[in-house]
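The values are calculated or read from the model by the stated rules, or taken from the named source; none is laboratory data. No experiment lies behind these values; they were computed from the predicted model shown. All Cβ positions, glycine included, derive from the backbone under ideal geometry; neighbour counts span all protein chains shown. Keep in mind that these areas ignore ligands, DNA and RNA; they rest on the heavy atoms of the full protein, side chains included. Shrake-Rupley method; radii C 1.70, N 1.55, O 1.52, S 1.80 Å.
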Amino acid sequence: MKFLAPAALALATLAAPAFAAPEAYKLDASHSQIVFTYNHLGFSTGTGMFSGFEGEILFDQEDPAASSVTVSFPVTTMLTGWEGRFEHFMSPDFFGATEDKTVSFTSTGIEVTGDNTALITGDLLLNGVTKEVVLDAKLNQAGMHPMENKEWAGFDATVTLLRSDYNLGLFAPYVSDEVEVMISVEAMKAE
């Protein structure tokens, strides 16, 4: 019950300071996270997170739909709050994870839906399976970072994934097949 998306990170393609051509933005690993939740047997809501990942956004202010995002990180960076759960998720029951097994997201298209919203379509690679997903993204804020004194942007996005689509469906439907993914990232203009 994990996911990513890394997903997720395609968010930062919505808006930023005005530029005539795409500008590179680097994700701020210390302020970017992907949180996932799932129903555990109807008794509780399980939660996990990926954090500390990096990625790149190419943003075109004049034509946001021409922007793009890529992100990739090891599945072993998952945080669950309990070592036993983490070990089970990394086991052959789920990821069969090794240090080089990654989660990645690469945008393939952006549909601007409002002044600060967009649908970001991309390829999510999770557990060795690549599927198209659509992130419902929102620009939180773009402008000069008050402490870093450089251009910055922040975004949130959501997506619902089916574990079984990624060969992670053990215990479904008792443990929900649907996993809610919430992404929040900050990105700084690359130097």
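As for region 49-62, it holds at least one residue that is hydrophobic (A, V, I, L, M, F, W, C), under 20 Å from residue 165 (Cα atoms) and surrounded by fewer than 20 Cβ atoms within 10 Å (Cβ to Cβ).
Within region 151-174, the residues that satisfy the criterion of being open to solvent by less than 80 Å² (accessible area, probe 1.4 Å), farther than 17 Å from residue 32 by Cα and among the hydrophobic types (A, V, I, L, M, F, W, C) are 161, 162, 168, 170, 172. Number of residues in region 75-113 that are in contact with a Lys or Arg (Cβ under 7 Å, 6 or more places away or on another chain) and either of a type in the set (Phe, Trp, Tyr) or modelled with pLDDT under 95 (or both) equals 2. A single entry from 120, 57 fulfils the requirement of being of a type in the set (Val, Ile, Thr), farther than 30 Å from residue 171 by Cα and modelled with pLDDT under 95: 57. Residues in region 37-54 that are among the polar types (S, T, N, Q) and at pLDDT below 95: 51 only. The set of residues in region 118-150 being assigned to a strand (DSSP E or B), open to solvent by 40 Å² or more (accessible area, probe 1.4 Å) and not hydrophobic (A, V, I, L, M, F, W, C) consists of 123, 130, 131, 132, 136, 138, 140, 141. Only one of the numbered conditions (1) closer than 22 Å to residue 175 by Cα; (2) open to solvent by 20 Å² or more (accessible area, probe 1.4 Å) is not met by residue 94, and that is (2).
Cβ-Cβ distances below 7 Å connect the following pairs, each with a first residue in region 168-191 that is within 23 Å of residue 148 (Cα to Cα), a second residue that is of a type in the set (Val, Ile, Thr) and not in a loop (DSSP other than H, G, I, E, B), and a separation of six or more residues or different chains: 183/34; 187/57.
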